[in-house]
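Structure record follows, encoded as structure tokens.
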Amino acid sequence: MDHPVQTDFLRWIVLLPLIGAAVNGVLGAVLQKRMGKWAISLLACAPVLISFLLSLQAFLNLLALRPENRFLIDRLYPWLSLGSLKVDVAFWVDPLSAVMILVVTGIGGLIHIYSTGYMHEDKSYWRYFAFLNLFTFAMLVLVTGDSLLLMFVGWEGVGLCSYALIGFWYHDHVNTRAGNKAFIVNRVGDFGFVLGIFLIFWSLDKQGHGTMTFREIQQFASLLEGQQVWGIGVVTLATLFLFVGATGKSAQIPLHVWLPDAMQGPTPVSALIHAATMVTAGVYMVARLHFLYSAAPETLLVVAGVGIATALFSATVALTQTDIKRVLAYSTVSQLGYMFLGAGVGAYGAAIFHLMTHAFFKACLFLGSGSVIHAMSGEQDMRKMGGLRQKLPYTFWTFAIAVLAIAGTPLTAGFFSKDEILWQAFSSAHGSPLFWVLGVAGAGMTAFYMFRQFFLVFFGQCRADHHTQEHLHESPSSMTLPLVLLAIGSIAAGWIGLPAVFGGSRFAEWLEPVFGAHHEAHASATLEEILMAASVGVAALGFYLAYLMYYKGKLAPERFSSLAGGLFYRLFHNKYYIDEIYQVVFVGGTLLLARIGAWIDRYIIDFIVDGSAKTTAFISWFNGLFDNHVVDWLVNKIADTTFEAGDRFRKVQTGNINGYLYVILGAVLIAMIIKLRYWS
Amino acid sequence: MAIGLTHYLVLGAILFSLGLYSVLTRRNAIAILMGVELILNGANINYVAFSHFSTGGLDGQIYAIFVIMLAAAEAAIGLAIVLAIFQIFHTIDVGAVETLKE
Amino acid sequence: MELATVVFYLIAAVTVGSAAMVAFSRNIIYSAFSLLGTFAGVAGIYVFLGADFVAGVQVLIYVGGILVLVLFAVMLTHRITDVQITNRAVGRLPALVVVGILLFLLVQSIRETPWRKAKEILYAPTTAQIGDLFLQSYLLPFELASLVLLAALIGAVLISRKELKE
């Protein structure tokens, strides 16, 4: 680890998408008009695909090194040097970020290709791709930046691009509102993130090792132990602050509200940003700083608690949603919860593994739903779909595979990764059986709502109106090809991380240099198999319920939705009223504050002003009385004089600024002359 | 005679006076703003000169930087107003813009 | 005379000369361009006073920013093809008299006042110290200035844009 290998091509992995974004952003409108959309597509897709190839090269380079030396760095130039703060613009690739750049450029590249089909009719084709490339750039900075500050640059960058892409169709007010919401909610998290960075730097600086690079933080992390701020350990506080940032970006409770609304953007954007890449930034950050999190057991408990709570919470919400993309959105939030559960019990490798497999099948699901929406002429309500199996064969089969994967069907990617997390939640030192039980319950719900969606969309009678039915068509090959590739990934991606009982995980081995040796749990392999079987059983139960309700129609969903007087159903369907609560508490609170200010202004300040005015009025009335009766003639005299004087003075008040200036100057001159003459 | 504080102060005073003259005589709003810039420069020379010769600290320079910052803000706003006036009245002669005066 | 003294008088002459152009020129374009000489001259004066950072800021903001703004404003508000780009001046004589008296009095008081002398006159790089001061003693004014600039930015955009007529 002491002699990082300077590898010059790493910068191109990051910079190529930026170049694509710059060219498309500056020249896009002209290019589109002169040369057509293919030029834009080429300019947008080529950099990402080349980045992907370079990432593969980086991966192979890493593979050639000995495990403890797997570390490439590309220092571009020193960025800041302020006192003890020294930050380079440097990109690094270690096993962890290698996984991330492969996911970002690989899945990102597929989504770029898909978008060329999906967005083909859009007028602002070039603008879309400029932002998509810019987003890829920002995400790559986030995962390859070698310091917290550079990570923060990417962190903000993805937030900005997310805002721009959610509100892409800005003519509709709903979309811009959703963009604003995502941006503002993320800002709350980013504030925590910044505080975390400050705290880490500040407390390391106190020890004489002010640094921001991850490797040096890791090196000096032991210095932080024992330091306290406000009676709380620095490590605990800093990791908590950083986790606030993670909850914002990765849509965990309580900052999850932006993600479902973010579905207002174009569907490939939902797939890229809100499923495969940006939302995983929080998980990545926690994994990146695993040495700090592991040193703060309290934070780990919070992370795991928030993770499992989010997983369950959004799974219940997803049960009742009817919008095809909203189900997927809540499912994403739920799966992110699983990742945080994994990270929170110290199984960072498992979290990253689930991140990767999830990227495959969730991207596949989103793109599949995009294909459905495309075919349905923009309809997103699942109640108006059905029977699309024959009409959209590619979409159907790929969607089926992805649903199987997310539901955790054995031998698919989702099975291995989710089971790894559940097993770690049960057996690791930070885990507990409670986490396992809740996690399995969530997995059962996942299976139920995913199959519910699957049956509603693809089976039964088509419930769309006549016009839409006539226009049903399979998507072009630019859209189906990525679907097929992603579906293959949804299965194959799991096999690199087989659980211990099936021969051990190559994936865990790969990440070992980053996270340290894998702590083999003490529980026996038999127990692992039993637990695995149990979770598969629960998932199968979820599938069976969905099958009965939405395929066979034997079991009326109302029997469940009317439980407890429909209380639960309403709660789930309205997302626990969290948006409404935030509206009342935060938005309403701000308005209330403004109203209090206005009230003070109107009643208290105005009272004082009015009061003095009335007093003056009274005095003048009294004065007038006195004048009228006592010194009448004098009054007339004064009035006449005043009028005459006013008439003369009026000429002074010319509105001519020069005149005023001369008066001021004259006064100054006289004052100066007096001063110089008589006081010096 | 070696160059001392007095020289700088006199230089500042000259700039100030020229700026004042501009403000007093010009009718063109932009020219008046230019005069204001001259006045600010004259004042800034004083700040920096005092900081150099009299106090020995850097506080005078800091004030000069603040003045420059505010001058930038003033120039931006002032010229924006001038442009707005030009769009409405098609002139920027301050004598011609007198709608506020009854 | 020492070389430094000569250079000082040279810079001072440039500064005052171009400032006089600004004040007296009949053509506003000449005035605007003369402003360049003044700003650059003042920057030179700052260098003489050991204020390297302020000199840099002066060049960056005045020459690079404000001057360009002024030129833009001049170009945007005058038909550049006109030969006579007037810069009307009125009331020259009274102004000259008043300003003359003021200048005389100022110089008088500058000469007569016994100014405090610093213990030692330093010529050291100031940038690092100014940076420290901004982030320590002058943090609040510094942040306020950033707010002022932001407000000015928004204000300038808001005022100068054409009203969108729906």
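Looking at (1) surrounded by fewer than 24 Cβ atoms within 10 Å (Cβ to Cβ); (2) without any contact (Cβ under 8 Å) to a residue 40 or more places away in the chain, find the lone condition where residue A:138 falls short.
(1)
Hey, does the range A:37-51 have a residue that's modelled with pLDDT under 85, at negative phi and of a type in the set (S, T, N, Q)?
Within the range A:37-51 (the criterion being modelled with pLDDT under 85, at negative phi and of a type in the set (S, T, N, Q)), the answer is no, since none of the residues qualifies.
Look at the range A:231-289 and say how many of its residues are surrounded by 24 or more Cβ atoms within 10 Å (Cβ to Cβ) and either of a type in the set (Phe, Trp, Tyr) or touching a Pro at 6+ places or on another chain (Cβ under 8 Å) (or both).
Of the residues in that region, 4 qualify.
Identify the single condition in (1) touching a helix residue (DSSP H, G or I) at 6+ places or on another chain (Cβ under 9 Å); (2) surrounded by fewer than 17 Cβ atoms within 10 Å (Cβ to Cβ); (3) within 7 Å of another protein chain (Cβ to nearest Cβ) that residue B:55 does not satisfy, given that it satisfies every other one.
So the condition that residue B:55 fails would be (1).
Does residue A:184 qualify as being among the β-branched types (Val, Ile, Thr) and closer than 30 Å to residue A:270 by Cα? Show your work before the answer.
Details: among the β-branched types (Val, Ile, Thr): yes; closer than 30 Å to residue A:270 by Cα: yes.
Spelling it out, residue A:184 is indeed among the β-branched types (Val, Ile, Thr) and closer than 30 Å to residue A:270 by Cα.
Tell me the residue from B:68, B:14 that is at pLDDT 85 or above, closer than 21 Å to residue C:94 by Cβ and under 17 Å from the mean Cα position of the chain (by Cα), please.
Residue meeting the stated conditions: B:14.
Mind checking which pairs have a first residue in the range B:22-48 that is within 7 Å of another protein chain (Cβ to nearest Cβ) and a second that is surrounded by fewer than 24 Cβ atoms within 10 Å (Cβ to Cβ) and of a type in the set (Asp, Glu), Cβ under 6 Å, 6 or more apart or different chains?
So the pair list comes out as B:27/B:93.
Within the range A:1-29, which residues are surrounded by fewer than 21 Cβ atoms within 10 Å (Cβ to Cβ), assigned to a helix (DSSP H, G or I) and either among the polar types (S, T, N, Q) or at pLDDT 85 or above (or both)?
If the condition is that a residue be surrounded by fewer than 21 Cβ atoms within 10 Å (Cβ to Cβ), assigned to a helix (DSSP H, G or I) and either among the polar types (S, T, N, Q) or at pLDDT 85 or above (or both), then A:11, A:12, A:15, A:18, A:19, A:22, A:23, A:25, A:26, A:27 are the ones that fit.
Picking from C:42, C:14, which residue would you name as being within 7 Å of chain B (Cβ to nearest Cβ) and part of a helix (DSSP H, G or I)?
C:42 is the lone residue from the list that is within 7 Å of chain B (Cβ to nearest Cβ) and part of a helix (DSSP H, G or I).
For a quick check of your reading of the model, give me the residue pairs whose first member lies in the range B:81-94 and is within 7 Å of chain C (Cβ to nearest Cβ), whose second is buried (at least 19 other Cβ atoms within 10 Å of the Cβ) and of a type in the set (Phe, Trp, Tyr), with beta-carbon atoms closer than 6 Å and at least 6 apart or on different chains.
B:92/B:86
The values are calculated or read from the model by the stated rules, or taken from the named source; none is laboratory data. Everything numeric in this text was worked out from a predicted model, so none of it was measured. Glycine gets a Cβ as well: all are built from the backbone with ideal geometry, and neighbour counts include every protein chain shown.
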